[in-house]
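To start, the structure under review is shown below, and the notes come after it.
The values are calculated or read from the model by the stated rules, or taken from the named source; none is laboratory data. This one's a predicted model, so the numbers in the text were calculated from it and none came from an experiment. Using ideal geometry, Cβ is built from the backbone for each residue, glycine included, and neighbour counts are taken over all protein chains shown.
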Amino acid sequence: MYQMRLPPWLVLLLPAFVILLAVVAIPLVLSLYSSFTAFQLTRPETITRWIGTFNYGKAMGDANFWAAFGRAVLLLTLALNLEMLLGLGLAVMVAKVTLGQRLLRTMMMFPMMFSPILVGFQFKFIFNDNVGLLNNALQSLGLTDVAIPWLVDGNLAFLAIVAAEVWTSTSVFAILILAGIFAIPQDPVEAARVDGCTPWQTFRYVTLPFLMPFIYIAMAIRSLDVARAYDIVQVMTAGGPARRTELLWTLIGRTGYVDARMGYANAMGYIAILLSIVFTVYFFRKLTTARTSLGMGD
Amino acid sequence: MAEVVLRDVVKTYGALPVVHAINLDIAHGEFVVLVGPSGCGKSTTLRMIAGLEDISGGEVRIGDRMVNDLPPRDRNISMVFQNYALYPHMTVRENLGFSLHIAKRSKPEIAKAVAEAADILSLTPLLDRKPGQLSGGQRQRVAMGRAIVRHPDVFLFDEPLSNLDAKLRTQMRVEIKRLHQKVGTTIIYVTHDQVEAMTLADRIVIMRDGHIVQIGTPLEVFERPVNSFVATFIGSPPMNLMPATVTGGALRLADGTALPLPPGLSAHEGQAVQFGVRADNIMPEGHSLPPTAHMAHVDMPVTLTEPLGTETLLFGTLAGTEVQAKMLNPRPVRTGEVLRFGIALDKCHLFDAETGASLRV
C-alpha cells in the first residue's frame, strides 16, 4: 500500500510554495536570465542565445534610456512635492471642518477610485487642443485666442501628465496627513501658543514635525507608484511627442512588446527597479529619523 | 508687576454654563491655588486666563491690561501642563529656549537664560537629552524651566503633579514652593489635591460646579469653612459630619446622645444641623491634646485602626455615622474595644442640614 512519506508541515506548506514558485520565483529568475540573452518575443529560440551583460552595457550607453530615467526622476520629484503640498493644505483645511467632515473625507478619496486608464483618457480630453475643456475655458475667458497644444508640445505634455498624476493621488497624502493631524497631542500645540507662537509658527515648529512621519510614509508609497508610472502616460501621450514624455516603463514596454526585444527590455527593467529601491530606502530612512526625533522609538 | 483680576467671568459651552460669573483678585506675587473636585471649572478658569479658552462673559485683566481678546502669546504668561507638553523633537535646551527663540532674542541671551533656568532646576546635565529620555520628574522640571526662562508676569500650573508618583509629588511640591520664593512671580495653580492646595497656597480658592465656594488662606479655609462641602473637602482625613438637631439648648445626635452646643455658633431651637468634628478634635482620653474649656465625652467602640506611626487613626461609629478619630502617642487598640473620647467642642462646627452653610457667627 502507498505510504505518505512527507512530513505534515511540508505537505501543508507545499501549496504556498508551489504558488510562490510559479507566480514569483520562476518569472523572476526567467526574466533575469533573459536579460542576459538576445531574447526576442517573435523568435522564441533566441532565449537560449547567451550574450552576457551586453544588454546592460547597451542600456548604460543608451541616451534614450537615460533620458527616460531622468524624466522619471523629474516626474517623481515634481509630482510628489506638489502632492505633498496640496495634500498638506487639504488635510489642514479638512481638519478644521466640523460639519460634514466625514462626507468631505469620503469625497477626497474619489480620485483614487477611478482607473488610471480612465483618468488618462479624461485628462487627454481636458488637454486636447481642439475640443479640450481647458483650451475652451481659456478661450471663453478671453485669456488666450490660440489653441495651446498641451499634449503636442513636449514640456506642456509633461506638465499635463504631472497634473493628471497629482489629481489622482493628492488624496493619498491628504488622507495620511489627516490621520497624522488627528493623532497630534494637543498639549504641545497649546504650549506653543502660550510660548508666544503665532498660528504659523505653531504649525511650523510643532505641528509639522509631528506630521513628518506621516508625510514620509505617503512619500514611500507614492514613490513606488510614480516610479512605475505607465498607464496614464501611455494613454495621454504614449511617451510622445518624439519621446518628450517617455518614461522608463513606457520605453521598456515598447521595447519589449512592440519591438519584441524582451531581453533588452528586461535588462532595462532591472536597472529601473533600482530607482524604486533607492527612493524607498531613502524615504524609509527619513521616516525612521523623523520618528526617532519625536521619541517614537524604533 | 502683575495682578490678575477676574470680573464676573463666565464660560458656557453652547447652552451649558461651566463657570458662573466668578470674581477673583490675585495680588502681584501671590500664590493662589484653585482647588475642587473634577468638573468644578477650575481648569477651564485657568485656561481662560491663559487664553486657551474663549471667555464667554466678564473680564480678565492681567496687570493693567484687559486680556479677553488677546491671544495667549500676547498675555505674557507661562503655563505648565499636566502632561508636561514638552516638544518631543527638541532637546531640553531647545525646549527651554524655544519661547525666547520665537521672541527673536539673541543667541547669547537665550543661552544665558537657559543656563540660568537649568541651574535653578538642576537640569544642566540633561540639557542635550530629548524629553523621551527623561523620567517623569525630570520632564516636569523641564516644563517648569520652560515657563521660567521667559520671566512672565504670571505662571499658570494646570495639575502639574498629578502624573507623578506620591514620593516625587511631595518632592516637586517643595521645589515649586522654593521656585516661587526665588522668582516671586504671581502663580495660579490648579489641583484637585487639597494637600497640594494647603501646602502651596498663599490663598486657596475652592470651587464647585462652576462657582467659587470660598476664598481664604489655608488656615482660614481649614478652621472656618463656610459650608460642609469645604469642611469635608479640605483637611485629611475629611471632617466627620453627623446629623443632629438642636433641642433644649443642646445638640442631639441621631441616636439621642446629647452634647452641649459648641460655643460661637448660632442655631435656633429645633434646627436640623450637621455636627462637624475633625479627627484632631476627637481623641481618646489619655492619648489626646490637653483638654480645652469646652469638652464633651462619648464612649465609642473602635471598629478599625490605621497606625501611622506618630499617631493612629481610629474608626468608630457614633450615632450611626462612621467617625474617624486620632490617637496620639498610640498604643495597640483591639477591634471592638470601647474607648472614652473627648470632643473639643470649641473646635467643632455646625452646618445647616439643608443648605450646608456654616452656623459659625
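In the range A:171-230, which helices (runs of 4 or more DSSP H) lie fully inside it and hold 3 or more residues that are away from every other protein chain (no Cβ under 14 Å) and surrounded by fewer than 20 Cβ atoms within 10 Å (Cβ to Cβ)? If you could, list the steps in order and put the result at the bottom.
Values: elements: A:186-194, A:199-202, A:208-227.
Ranges flagged: A:208-227.
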Filtering the range A:51-72 down to residues that are within 12 Å of A:Thr250 (Cα to Cα) and touching a helix residue (DSSP H, G or I) at 6+ places or on another chain (Cβ under 7 Å) yields A:Asn64, A:Phe65, A:Ala68, A:Phe69, A:Ala72
Hits in the range B:69-85 - residues which are crowded, with 19+ Cβ neighbours inside 10 Å, more than 7 Å from chain A (Cβ to nearest Cβ) and within 21 Å of B:Met172 (Cβ to Cβ)
B:Val80, B:Tyr84
In the range B:150-178, which residue that is of a type in the set (A, V, I, L, M) and closer than 17 Å to B:Ala2 by Cβ is surrounded by the fewest Cβ atoms within 10 Å (Cβ to Cβ)?
B:Val154
What residue, of B:Gly136, B:Gly184, B:Gly97, is in the same structural domain as B:Glu53 (by TED's automatic domain parsing), more than 29 Å from the chain's Cα centre (by Cα) and farther than 21 Å from B:Arg47 by Cα?
B:Gly97
Mind checking which helices (runs of 4 or more DSSP H) fall wholly inside the range A:44-133 and carry at least 2 residues that are in contact with a strand residue (DSSP E or B) (Cβ under 7 Å, 6 or more places away or on another chain) and loosely packed, with under 13 Cβ neighbours inside 10 Å?
none
Quick one: which strands (runs of 3 or more DSSP E) sit completely within the range B:20-117 and have at least 3 residues that are more than 18 Å from B:Ile215 (Cβ to Cβ) and hydrophobic (A, V, I, L, M, F, W, C)?
B:77-80
Restricting the first residue to the range B:287-312 and requiring it to be without any contact (Cβ under 8 Å) to a residue 24 or more places away in the chain, which pairs with a second residue that is among the aromatic types (Phe, Trp, Tyr) and in a strand (DSSP E or B) meet a Cβ separation below 8 Å and a spacing of at least six or different chains?
B:Glu306/B:Phe315
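Matching residues to (1) touching a residue at least 40 places away in the same chain (Cβ under 8 Å); (2) under 25 Å from B:Ala231 (Cα atoms); (3) in contact with a Cys (Cβ under 7 Å, 6 or more places away or on another chain); (4) hydrophobic (A, V, I, L, M, F, W, C):
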residue	(1), (2), (3), (4)
B:Ala27	yes, no, no, yes
B:Ser38	yes, yes, no, no
B:Leu46	yes, yes, no, yes
B:Glu53	yes, no, no, no
B:Ser56	yes, no, no, no
B:Gly63	yes, no, no, no
The number of residues in the range A:262-275 that are surrounded by fewer than 22 Cβ atoms within 10 Å (Cβ to Cβ) and over 19 Å from the mean Cα position of the chain (by Cα) is 0
Would you mind telling me which numbered condition in (1) surrounded by fewer than 16 Cβ atoms within 10 Å (Cβ to Cβ); (2) within 14 Å of another protein chain (Cβ to nearest Cβ); (3) among the aliphatic types (A, V, I, L, M) A:Val258 fails?
(2)
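Within the range A:250-271, track down each residue that is free of Cβ contacts under 8 Å to residues at least 40 places away in the same chain and closer than 20 Å to A:Tyr56 by Cβ. Walk me through it before giving the result.
To start, the set of residues in the range A:250-271 that are free of Cβ contacts under 8 Å to residues at least 40 places away in the same chain comprises A:252-255, A:258-259, A:265.
The answer is A:Ile252, A:Gly253, A:Arg254, A:Thr255, A:Asp259, A:Ala265.
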